[in-house]
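Inspection log for the structure reproduced underneath, given as structure tokens.
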Amino acid sequence: MGAATFDGDLLIVDAHEDLAWNALTFGREYMRPAAETRALEAGSPTPQRNGNTLLGYPEWIRGHVAVVFATLFAMPERWKTGAWEPAYTTPAEARPMYSAQLDHYHHWVEGNPEHLRLIAGLADLEQVLATWQPAHAGTPMVGLLPLMEGAEAIGDPAEVEAWAARGVRAIGPAWASNAYCGGTAEPGDLTDLGRRLLQAMESLGLILDLSHMDEAATLTALDLYTGVVMASHSNARRLVPEHPKPNRHLTDETIARLAERDAVIGIVPYNPFLRGDWTPAMGKQAVSIERVLDQIDHVCQVAGDATHVGLGSDFDGGPGLEKVPAEIDTIADLQLLRGGLAERGFSPAEVRGIFGGNWLRLLQRALR
Ligand SMILES: [Zn+2]
């Protein structure tokens, strides 16, 4: 872990990693190299349950991943995939799960002050980015921006303020449907309570994450919300028409609306979201990163330029090693997209934007 030799040009911002969920569910310590975590977990149930890891601090550094939107996430009981998985049925049960994950980020950063930093404001972001400059003598830092995925931990919108005070900077109201709105595979518009949630977020300057929200709720939220909006980890529905949960993906209409709002959409390199008929039996070799490039290209075509697309890997959340494209062994391999984008005619400035610049522009608008 020596000083960065990187020229500062192609930093990656990854808008979605479920780090705390992995840490608290599987005991993953992400300061370890990915290979070490894989070796430690060999023969344990973890790789069967969640796949082999794609993440680790050395891989973030090697891949020039400077900023990660680090989620708080817990599973609704009706969607859990096994008895091993912690899950909730009510906000009262969800709250301590989400709270423990936010505490985890604080403790983790405190324990690794030279390597990790929570991003609460612009000053934190600038300090993290400065550690990636060639002149910086120490190790580069990875900045973690707390993102609440699914707002079930918030029983009443008045509670948003306390979460913001503890460092949450972005909220996605839905994962599946809840009291606020429809979500993945469970359609529905924004509710009256959902409107109050958005008002509370807006007054605190939080980023609204539309990923997982049903389209009806997304379009209503785009009409109502005057703050910064994003889709942290969503692909274009047009390219995965056969996927069994179509409302997990963005229609071209929604992509265009997001571009009008100067939003950014984080493309997910997750095989079922790249090829809707993909099954684990087909193996990771059945999908190439060309399909990630197709997704990026499509969003740019619909948006009209290359400033509204980025990366939202969801690595170790949905995808483990076995469920990402053939070329990807760890998150460091996202740098492989560079050559493909250049081949497709994206300029160096556009590639910089897609890797991280577009997300940084959004953060500079959203943070104080
Ligand atoms: Zn998700």
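The values are calculated or read from the model by the stated rules, or taken from the named source; none is laboratory data. Computed from a prediction, not measured in an experiment: that's the story for all the values here. Because the Cβ atoms are built from the backbone with ideal geometry, glycine has one as well, and the counts that use them run over all protein chains shown. When the accessible area is computed, the model is the full protein with side chains, heavy atoms only, and any ligands, DNA or RNA have been set aside. Shrake-Rupley method; radii C 1.70, N 1.55, O 1.52, S 1.80 Å.
Please verify whether the range 295-304 includes one or more residues that are open to solvent by less than 30 Å² (accessible area, probe 1.4 Å) and closer than 30 Å to Glu85 by Cα.
No, the range 295-304 contains no residue that is open to solvent by less than 30 Å² (accessible area, probe 1.4 Å) and closer than 30 Å to Glu85 by Cα.
Do we find a residue being closer than 21 Å to Leu210 by Cβ and among the aliphatic types (A, V, I, L, M) anywhere in the range 280-290?
Residues of the range 280-290 closer than 21 Å to Leu210 by Cβ: none.
Among the residues of the range 280-290, not one is closer than 21 Å to Leu210 by Cβ and among the aliphatic types (A, V, I, L, M), which makes the answer no.
Looking only at the range 216-233, filter to residues that are more than 16 Å from the ligand (Cβ to nearest atom) and of a type outside the set (A, V, I, L, M); which one of those is nearest to Leu362 (Cα to Cα)?
First pass over the range 216-233, keeping only residues more than 16 Å from the ligand (Cβ to nearest atom): 216, 219-229.
Okay, now just the ones that are also of a type outside the set (A, V, I, L, M), so 220, 223, 225-227.
Details: Thr220: 21, Asp223: 19, Tyr225: 15, Thr226: 14, Gly227: 11 Å.
The extreme case among them is Gly227.
Can you tell me which residue in the range 141-181 is nearest to Ile207 (Cα to Cα), limited to those that are open to solvent by 30 Å² or more (accessible area, probe 1.4 Å) and in contact with a helix residue (DSSP H, G or I) (Cβ under 6 Å, 6 or more places away or on another chain)?
The first filter runs over the range 141-181 and keeps only residues open to solvent by 30 Å² or more (accessible area, probe 1.4 Å), leaving 155-156, 158-159, 161-162, 165-166, 169, 175, 177-179.
Subsequent filtering for residues that are in contact with a helix residue (DSSP H, G or I) (Cβ under 6 Å, 6 or more places away or on another chain) retains 155, 166, 178-179.
Details: Gly155: 19, Arg166: 15, Asn178: 19, Ala179: 19 Å.
Looking at the filtered set, the residue picked out is Arg166.
For the range 3-21, check the following and say yes or no: at least one residue is of a type in the set (Asp, Glu), modelled with pLDDT under 95, out of contact with any strand residue (DSSP E or B) (no Cβ under 8 Å at 6 or more places or on another chain) and not in a helix (DSSP H, G or I). Before you say what the answer is, go through the steps one by one.
Our first condition is that a residue be of a type in the set (Asp, Glu); within the range 3-21, this holds for 7, 9, 14, 17-18.
Next cut, modelled with pLDDT under 95 only: 7, 9.
Adding the requirement that they be out of contact with any strand residue (DSSP E or B) (no Cβ under 8 Å at 6 or more places or on another chain) leaves 7, 9.
When the remaining residues are screened for being not in a helix (DSSP H, G or I), the result is 7, 9.
Yes, the range 3-21 has at least one match.
Out of all the residues in the range 308-341, which are open to solvent by 30 Å² or more (accessible area, probe 1.4 Å), part of a loop (DSSP other than H, G, I, E, B) and touching an Asp or Glu at 6+ places or on another chain (Cβ under 8 Å)?
Within the range 308-341, Glu327 is the sole residue that qualifies.
Among what's in the range 200-214 and is within 16 Å of the ligand (Cβ to nearest atom) and farther than 16 Å from Asp262 by Cα, pick the residue that is surrounded by the fewest Cβ atoms within 10 Å (Cβ to Cβ).
Taking the range 200-214 and keeping what is within 16 Å of the ligand (Cβ to nearest atom), we get 207-214.
Still in the list and also farther than 16 Å from Asp262 by Cα: 212-214.
On the way: His212: 27, Met213: 31, Asp214: 24.
Ranking the candidates gives Asp214 first.
From the list Leu55, Leu40, Leu24, which one is in contact with a strand residue (DSSP E or B) (Cβ under 8 Å, 6 or more places away or on another chain) and at pLDDT 95 or above?
Working: Leu40 fails: in contact with a strand residue (DSSP E or B) (Cβ under 8 Å, 6 or more places away or on another chain); Leu24 fails: in contact with a strand residue (DSSP E or B) (Cβ under 8 Å, 6 or more places away or on another chain).
Answer to the check: Leu55.
Residue check, Gly182 against (1) under 17 Å from Ala164 (Cα atoms); (2) within 16 Å of the ligand (Cβ to nearest atom), all met but one. Which one?
Evaluating Gly182 over (1) under 17 Å from Ala164 (Cα atoms); (2) within 16 Å of the ligand (Cβ to nearest atom) leaves (1) as the failure.
Hey, could you check the range 52-68 for residues that are assigned to a loop (DSSP other than H, G, I, E, B) and open to solvent by 10 Å² or more (accessible area, probe 1.4 Å) and say which is farthest from Arg28 (Cα to Cα)?
Here is the first cut: in the range 52-68, the ones assigned to a loop (DSSP other than H, G, I, E, B) are 52-56, 63-64.
With the extra rule that they be open to solvent by 10 Å² or more (accessible area, probe 1.4 Å), the set shrinks to 52, 64.
Details: Asn52: 11, His64: 21 Å.
Filtering the range 52-68 for residues that are assigned to a loop (DSSP other than H, G, I, E, B) and open to solvent by 10 Å² or more (accessible area, probe 1.4 Å), the one farthest from Arg28 (Cα to Cα) comes out as His64.
What number goes with the only condition from (1) within 16 Å of the ligand (Cβ to nearest atom); (2) over 23 Å from Asp314 (Cα atoms) that Ser177 does not pass?
(2)
Go through Ala70, Ala162, Ala130 for me and flag whichever is closer than 26 Å to Gly318 by Cα and at pLDDT 95 or above. Can you show your working first?
Details: Ala162 fails: closer than 26 Å to Gly318 by Cα; Ala130 fails: closer than 26 Å to Gly318 by Cα.
Just a single option satisfies the conditions, and that option is Ala70.
Any residue at all in the range 28-35 that is under 19 Å from His104 (Cβ atoms), touching a strand residue (DSSP E or B) at 6+ places or on another chain (Cβ under 6 Å), in contact (Cβ under 8 Å) with a residue 24 or more places away in the chain and not in a helix (DSSP H, G or I)?
Within the range 28-35 (the criterion being under 19 Å from His104 (Cβ atoms), touching a strand residue (DSSP E or B) at 6+ places or on another chain (Cβ under 6 Å), in contact (Cβ under 8 Å) with a residue 24 or more places away in the chain and not in a helix (DSSP H, G or I)), the answer is no, since none of the residues qualifies.
Tally the residues that are closer than 15 Å to Phe315 by Cβ and open to solvent by 50 Å² or more (accessible area, probe 1.4 Å), restricting the search to the range 36-51.
Of the residues in that region, 0 qualify.
So which of Gly304, Gly320, Gly353, Gly310 is of a type outside the set (Phe, Trp, Tyr) and either without any contact (Cβ under 8 Å) to a residue 24 or more places away in the chain or under 14 Å from Asn235 (Cβ atoms) (or both)?
Details: Gly304 fails: either without any contact (Cβ under 8 Å) to a residue 24 or more places away in the chain or under 14 Å from Asn235 (Cβ atoms) (or both); Gly320 fails: either without any contact (Cβ under 8 Å) to a residue 24 or more places away in the chain or under 14 Å from Asn235 (Cβ atoms) (or both); Gly353 fails: either without any contact (Cβ under 8 Å) to a residue 24 or more places away in the chain or under 14 Å from Asn235 (Cβ atoms) (or both).
Unique residue meeting the criteria: Gly310.
Restricting the search to the range 185-199, which residues are part of a loop (DSSP other than H, G, I, E, B) and either open to solvent by 20 Å² or more (accessible area, probe 1.4 Å) or within 16 Å of the ligand (Cβ to nearest atom) (or both)?
Selection gives Ala185, Pro187, Gly188, Asp189, Thr191.
I'd like the full set of residues that are within 26 Å of Glu110 (Cα to Cα), among the polar types (S, T, N, Q) and without any contact (Cβ under 8 Å) to a residue 60 or more places away in the chain, limited to the range 121-180.
Within the range 121-180, just Gln127 meets the criteria.
I want to confirm something. Restricting to the range 143-174 and keeping residues that are of a type in the set (Val, Ile, Thr) and under 16 Å from the mean Cα position of the chain (by Cα), which single residue is farthest from the ligand (Cβ to nearest atom)? Can you show your working first?
If we filter the range 143-174 for residues that are of a type in the set (Val, Ile, Thr), which is where we start, we get 154, 160, 168, 171.
Applying the additional criterion that residues be under 16 Å from the mean Cα position of the chain (by Cα) yields 168, 171.
Values: Val168: 16, Ile171: 13 Å.
Looking at the filtered set, the residue picked out is Val168.
When the range 70-121 is examined, which residues are found to be within 16 Å of the ligand (Cβ to nearest atom), in a helix (DSSP H, G or I) and open to solvent by less than 70 Å² (accessible area, probe 1.4 Å)?
If the condition is that a residue be within 16 Å of the ligand (Cβ to nearest atom), in a helix (DSSP H, G or I) and open to solvent by less than 70 Å² (accessible area, probe 1.4 Å), then Ala94, Met97, Tyr98, Gln101 are the ones that fit.
Just to check your reading of the model, which residue among Asp262, Asp294 is assigned to a helix (DSSP H, G or I) and either free of Cβ contacts under 8 Å to residues at least 24 places away in the same chain or out of contact with any Pro (no Cβ under 7 Å at 6 or more places or on another chain) (or both)?
Details: Asp262 fails: assigned to a helix (DSSP H, G or I).
Just one listed residue meets the conditions, Asp294.
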